[in-house]
Amino acid sequence: ETIVSMALVGAMIGAAAGGWINDAYGRKRATLSADVVFALGSFVMAGAPDPYVLIFGRFLVGLGVGVASVTAPMYIAEAAPSEIRGGLVSTNVLMITGGQFLSYLVNLGFTELQLSRKQLQGRVPGTWRWMLGVAAVPAIIQFFLMLLLPESPRWLYMKKSKSEAIVVLSKIYDPLRLEVELDQLSSALEEERQRKNAISYLDVFRIKEIRLAFFAGAGLQMTRDMHAFQQFTGINTVMYYSPTIVQMAGFQSNQLALLLSLIVALMNAAGTVVGIHLIDHSGRRKLALSSLFGVILSLILLSVAFFLASSGFANVGWIAVLGLALYIAFFAPGMGPVPWTVNSEIYPESYRGTCSGMSATVNWISNLIVAQSFLSVADAVGTDWTFMILAGIAVAAFVFVYVFVPETKGLTFDEVERIWKERAWGSNHGSESLLEKGAES
């Protein structure tokens, strides 16, 4: 639990600092710094002489992950046309779930290598070092590819150089659409200049419309990254401990547990592909609600499977595996990408870095609680009741999304900002039609 959770402690700190880094130095530099720290942490883990150095390496990796978790969705959203923004941000989630699948595949390969060398030599070398060290490869590749990409055009316009921003935007939009985008950016810049004070963390709670947006975004993260509900409904329990859960269900072979977990990870990636298609067609809110409904049912099924197993029923392990599969099938298309997408688009320009960092921090704190407590809670109250508790939290998440999260499908950043102003101060801000538009979507 400690080794797993230390990466989440690092991610929590990285996410908290990531908002400030993004606002001060830009999305591109934030990504490059995250790649460097992540690669360094992977090398430290691979060469760790004792568990304490391994834990430190996990912490460094977590720092990189935390900064990247804030930066990647924000960078993509700010460069994407509003009509395909959801699908493009969701592609980031696909890369995460695809990476999880590849990590299980790599680890299964190293497990096979470990067994074959044990049979030949009678001893097992530290193949786990390769499992951890190889994680540096994608970070190094991303570092060099990121050098070829431009800075976020919205950050350039608001923070650095209008001319550089126009050059980037002209590669994305046709001349007519470019004029519209520049007018919106000009209005956003003028509004920021009219604010008397510099942006502070207290402003997030002091200004009503910003507070409402942050409450919805952080709640979603709690519902996964929405962020904290996302974590409390159990996704990281499934992904971190799926081999352990499979063994709890009665499949004792390490290889079989990893193989079944590989299938779970593959379904996670495949479900994200479905989510990419649906998020800009069905909308964020509808997708999240339907996803949570399925999550509730699958968690109840998992609880029932472990209850039957503890009551002495034989051959119920496959029911638990089915529950895991259904959980991923429902979670991945909806609560996988929706929280990241919503958090990348619901905050005003001047607060986007700060609020995204704070929301991601909420996500990683929730993530840490889940990872640090799951095995202990399961040992204390039983696996059946553990999943029933998660089902109850998922019900609360469903209610939260239904009440507090508006539909943002197809809306520009300025239109989303006006929705929060109407919710805070009434329809005198002229955004009533936007709420109707979101509801119709």
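Remarks
- Residue in the stretch 371-391 that is of a type outside the set (D, E, K, R) and in contact with a His (Cβ under 9 Å, 6 or more places away or on another chain) present: no
- Residue check, Leu324 under 20 Å from Gly382 (Cβ atoms), assigned to a helix (DSSP H, G or I) and not charged (D, E, K, R): yes
- Here the condition is being over 24 Å from Pro51 (Cα atoms), of a type in the set (Gly, Ala, Ser) and modelled with pLDDT of 90 or more; of Ser152, Ser161, it holds for Ser152 alone.
- Of all residues in the stretch 1-58, those that are closer than 18 Å to Gly133 by Cα and either in a loop (DSSP other than H, G, I, E, B) or touching a Cys at 6+ places or on another chain (Cβ under 6 Å) (or both) total 4.
- Only one entry in Ile276, Ile296, Ile300 is out of contact with any Lys or Arg (no Cβ under 8 Å at 6 or more places or on another chain) and over 21 Å from Gly392 (Cβ atoms), namely Ile276.
Yes/no per residue for (1) in a loop (DSSP other than H, G, I, E, B); (2) closer than 16 Å to Pro339 by Cβ; (3) open to solvent by less than 60 Å² (accessible area, probe 1.4 Å); (4) modelled with pLDDT of 85 or more:
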residue	(1), (2), (3), (4)
Glu190	no, no, no, no
Phe215	no, yes, no, no
Gln231	no, yes, yes, no
Tyr241	no, no, yes, no
Val264	no, no, yes, no
Val274	no, no, no, yes
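- Exactly one residue out of Val37, Val106, Val93, Val44 is surrounded by fewer than 18 Cβ atoms within 10 Å (Cβ to Cβ) and β-branched (Val, Ile, Thr), and it is Val106.
- The set of residues in the stretch 38-49 being under 15 Å from Met6 (Cα atoms) and not small (Gly, Ala, Ser) consists of Phe38, Val44, Met45.
- Matching residues in the stretch 402-423 - criterion: being open to solvent by 40 Å² or more (accessible area, probe 1.4 Å) and outside any helix (DSSP H, G or I): Lys409
- Criterion applied to Gly57, Gly14 was being within 19 Å of the chain's Cα centre (by Cα) and open to solvent by less than 10 Å² (accessible area, probe 1.4 Å), and the one residue passing it is Gly14.
- Some residue of the stretch 329-346 being at pLDDT 80 or above, within 20 Å of the chain's Cα centre (by Cα), surrounded by fewer than 20 Cβ atoms within 10 Å (Cβ to Cβ) and of a type outside the set (S, T, N, Q): yes
- Single unsatisfied condition, Leu63 versus (1) closer than 19 Å to Gly353 by Cα; (2) not in a helix (DSSP H, G or I): (2)
- Residues (closer than 30 Å to Ile210 by Cβ and part of a helix (DSSP H, G or I)) located in the stretch 327-351: Phe331, Val338, Pro339, Trp340, Thr341, Val342, Asn343, Ser344, Glu345, Glu349, Ser350, Tyr351
- Of the criteria (1) open to solvent by 60 Å² or more (accessible area, probe 1.4 Å); (2) modelled with pLDDT of 90 or more, which one Leu326 fails: (2)
- Meets criteria (more than 17 Å from Ser356 (Cα to Cα) and open to solvent by 20 Å² or more (accessible area, probe 1.4 Å)) for Leu32: yes
- Residues that are open to solvent by less than 20 Å² (accessible area, probe 1.4 Å) and either modelled with pLDDT of 80 or more or in contact with a strand residue (DSSP E or B) (Cβ under 9 Å, 6 or more places away or on another chain) (or both), drawn from the stretch 294-323: Gly294, Val295, Ser298, Leu299, Leu302, Ser303, Ala305, Phe306, Gly323
- Filtered by the rule that a residue be over 20 Å from Asn363 (Cβ atoms) and in contact with a Leu (Cβ under 9 Å, 6 or more places away or on another chain), the stretch 4-38 gives Gly26, Lys28, Leu32.
- Of the residues in the stretch 75-88, at least one is open to solvent by 20 Å² or more (accessible area, probe 1.4 Å), within 16 Å of the chain's Cα centre (by Cα) and either modelled with pLDDT under 85 or more than 25 Å from Met267 (Cβ to Cβ) (or both).
The values are calculated or read from the model by the stated rules, or taken from the named source; none is laboratory data. These numbers were taken from a predicted model, which means no experiment stands behind them. When we count neighbours, we look across all protein chains shown, and the Cβ atoms used for this are built from the backbone with ideal geometry, even at glycine. Note: areas computed on protein heavy atoms with side chains; ligands, DNA, RNA excluded. Shrake-Rupley method; radii C 1.70, N 1.55, O 1.52, S 1.80 Å.
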